[in-house]
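The values are calculated or read from the model by the stated rules, or taken from the named source; none is laboratory data. Here the structure is a predicted model, which is why all the values come from computation and not from measurement. Please note: Cβ atoms are built from the backbone with ideal geometry, for glycine as well, and neighbour counts cover all protein chains shown. These accessible areas exclude ligands, DNA and RNA; they are computed on the full protein's heavy atoms, side chains included. Shrake-Rupley method; radii C 1.70, N 1.55, O 1.52, S 1.80 Å.
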Amino acid sequence: MKKLRRYVVLLLALMVLVAGCGKEVPENKEVSETKEAVTEESNEAPVAVNSDEKFLIRAGIGLNDQHPQFKGLEVMKEYVERESGGRIEMQLFHSSQLGDDVQMIEALQLGSQEMTCPSSAPMTGMDNRFMVFDLPFLFPNSEIASAVLDGPLGQELLDGLSDNFLVGLAYWENGYRHITNSVKEIKAPEDMKGLKIRTMENQVHLDFFKSLGANPTPMPFGELFTAMQQGVVDGQENPVPTIYLQNFAEVQDYTTLTGHVYSPFVLLMSKKFWDGLPADLQAIVQEGALVARDEQRKINGAYTDELVAGLREQGMTVTELSNEELKAFQDATKSTIDKFKVEIGSDYVDSVLEEIERLSK
Ligand code: TK8
């Protein structure tokens, strides 16, 4: 009876918490019951190493189950379930089944979900320094991007997430972002004038498209396809694997390979859940995040090359820009870095730029 009363109190507290944060995380009865169990466990004293207690990780993403990001979660699931001898179970959810990126980040902070992997863009609400990764044409290639992200400068941001009740496990690859639209072929900045472009919820992205003369609209990824289908927006910007695997060709006619931003994903865990794991399982989760990272980046990079041809097969006009044409986009948007350098943190921006220069030699 005492335990039941505890569950009821926990559930009521949780409902008050979720209602208070203004965004309901849609869930079914099974998730609610699991949530009570996980919340109950994570409130107890640290679990001894090698205990036989079992832990459930519900990992949710916005992209579908064809995307390399989901493949990465499958690799991580196999690793942590095997290495933990079944003491950890991972349940994978895709296509915004558990909510959009911001809602899932909030769910981790509440402790009602255990893992998610948003783009870095919506992370700026917690630490402005994440905006550095949205500065246009920052990384010359994905190898240098990974080296900076996996080095001390990237790790510094992951470590800082504990202040926001999150654990930053690793950076995965979203990739170089390109512009699609349903109106016309884009070959020069002036072609962007007046186009309604959906962006991620991030000031740097908004400014980038405003400086091109476009009309940017921040929107959760889960609403994007319908918005394009209904003409609420004319276009959007995402890496080739997303454009292809989310079937954007059904509602978009043109892709221009601008590669204007290299987007990382940030693999996150709820700190409430992490603190309730015994040290040996924490180590397995962290190792699994890095093993899956390397595999996910490999898959994502390979896809990017072959899927450009795939976009043409899906009926899209794919425009590859000359160096001069690309430079016109770089020149038109280089004011963005000066506008946001102070807000991001001048010292941090300078450190990233110096590291990129060092690695480019
Ligand atoms: C999916 C998003 C997506 C991102 C965006 O949840 O929002 O356009 O690139 O990958 O995180």
Determine the sum of side-chain charges near residue 152: Lys and Arg each +1, Asp and Glu each -1, restricted to other residues whose C-beta is under 11 angstrom from that of residue 152.
-4
All other residues with a Cβ under 11 Å from the Cβ of residue 225 taken together, and with Lys, Arg as +1 and Asp, Glu as -1, what is their net charge?
-1
DSSP bridge orientation in the chain - percent antiparallel, rounded to nearest 5
55
Degrees between helix 2-20 axis and first principal axis of the chain (Cα, 0 to 90, nearest 10):
20
Dipole magnitude of the chain about its Cα centre, charges +1 at Lys/Arg Cβ and -1 at Asp/Glu Cβ only, in debye to the nearest 20?
640
Give me the distance in nm between label points sitting 7 Å out from Cα along the Cα-to-Cβ direction at residue 97 and residue 183, one decimal.
3.7
What pairs in 196/339; 298/327; 187/361; 272/339; 54/298 have C-alpha atoms more than 25 Å from each other?
298/327; 187/361; 272/339; 54/298
Taking every other residue with Cβ under 15 Å from the Cβ of residue 189 and scoring Lys and Arg +1, Asp and Glu -1, one gets -2
Compare the Cα positions of 247, 279, 309 along the charge dipole of region 233-361 (+1 at Cβ of Lys, Arg; -1 at Cβ of Asp, Glu; about the Cα centre) and return the one farthest towards the positive end.
279
5 angstrom amide H check on residue 139, placed H, neighbours 5+ away
262
For the chain, with a Gaussian network of springs between Cα atoms less than 10 Å apart, report the residue from 169, 135, 153 with the top mean-square fluctuation.
153
Interchain or sequence-distant (5+) residues whose placed amide H lies within less than 5 Å of the amide H of residue 64 are 95
Taking the Cα centre of region 187-272 as the origin, how large is its charge dipole in debye, to the nearest 20, when only Lys and Arg (+1) and Asp and Glu (-1) carry charge on their Cβ atoms?
340
Pop out the ³J(HN,Hα) list for region 230-240 in order, Karplus 6.51 cos²θ - 1.76 cosθ + 1.60 with θ = phi - 60°, rounded to Hz; leave Gly and Pro as x.
8, x, 5, 10, 8, x, 7, 9, 7, x, 4
How much of the accessible area of the chain, in percent, comes from carbon and sulfur atoms when a 1.4 Å probe is used?
52
For region 62-73, just list the computed ³J(HN,Hα) in residue order, Karplus coefficients 6.51, -1.76 and 1.60, θ = phi - 60°, integers in Hz, with x standing in for Gly and Pro.
x, 7, 8, 7, 8, 6, x, 5, 5, 4, x, 5
What do you get for the angle between helix 29-42 and the principal long axis of the chain? Use alpha-carbon atoms, 0 to 90 degrees, nearest ten.
70
Report the gain in length on full extension from residue 210 to residue 350: 0.36 nm times residue separation, minus Cα-Cα distance, nm rounded to one decimal.
48.0 nm
Suppose every K and R has +1 on its Cβ and every D and E has -1 on its Cβ; what is the size of the dipole of region 280-361 about the Cα centre, in Debye to the nearest 20?
120
If each residue of separation counts as 0.36 nm, what is the full-extension length gain between residue 325 and residue 357 once their alpha-carbon separation is subtracted?
9.2 nm
Among 109, 151, 192, which residue has its Cα furthest toward the positive end of the charge dipole of the chain, with +1 on Lys/Arg Cβ and -1 on Asp/Glu Cβ?
109
In nm, give the distance between the simple-model label positions of residue 283 and residue 162, each being 7 Å from the Cα along the Cα-to-Cβ direction.
1.8
